[in-house]
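First up is the structure itself, then whatever we jot down about it.
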Amino acid sequence: MHEYSIVQALLNQCEDYAMQNGAKKISKVITKIGVLSGVEPDLLQIAFDTFKDGTICKDAEFIMNIQPLVIKCKECGYEGQKSELTMVCNKCGSLNTEVIDGEDMYLMSLEMDC
């Protein structure tokens, strides 16, 4: 499960930000996870709950905002969200599209207590 290594990197990043800001505790970790990121949210939650003990995030709430796929059509210029995981343009049916959002995972914000 690569979710374990993702959580380890996330917890390290949280600890770095906490040190930089003189925080003693992190109470909330907010992430954005794209549907095409390859990250399984349920497994990520389990990994976070497993590895947060003994870290500055031990009591932190873990919030995952799931980012839908957003494409832009190179034929007609349509840009919008997709409810299904296809690259077909909703407007003209072209496959000549590019992904605008929904492929990555980001740490969006932290709530820290000093």
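Only the coordinates and a few stated rules stand behind these numbers; no lab work does. Keep in mind that this is a model prediction, so the values were computed, not measured. With ideal geometry, Cβ positions are generated from the backbone for all residues, glycine too; neighbour counts draw on all protein chains shown.
Observations, loosely collected:
- The relative contact order of the range 2-113 comes to 36 percent, based on Cα pairs under 8 Å that sit 6 or more residues apart.
- Net dipole in debye of the chain [+1 Lys, Arg Cβ; -1 Asp, Glu Cβ; about Cα centre; nearest 20]: 220 debye
- Segment V99-E79, length gained on full extension (0.36 nm per residue, minus Cα span): 6.2 nm
- Backbone HN-Hα couplings from phi across the range 82-97 [Karplus 6.51/-1.76/1.60, Hz, Gly and Pro as x]: 10, 7, 10, 8, 10, 9, 7, 5, 5, 8, 10, x, 6, 9, 7, 10
- The chain, Cα convex hull volume normalised per residue, Å³: 104 Å³
- Between helix 2-20 and the chain: long-axis angle, C-alpha atoms, 0 to 90°, nearest 10: 60 degrees
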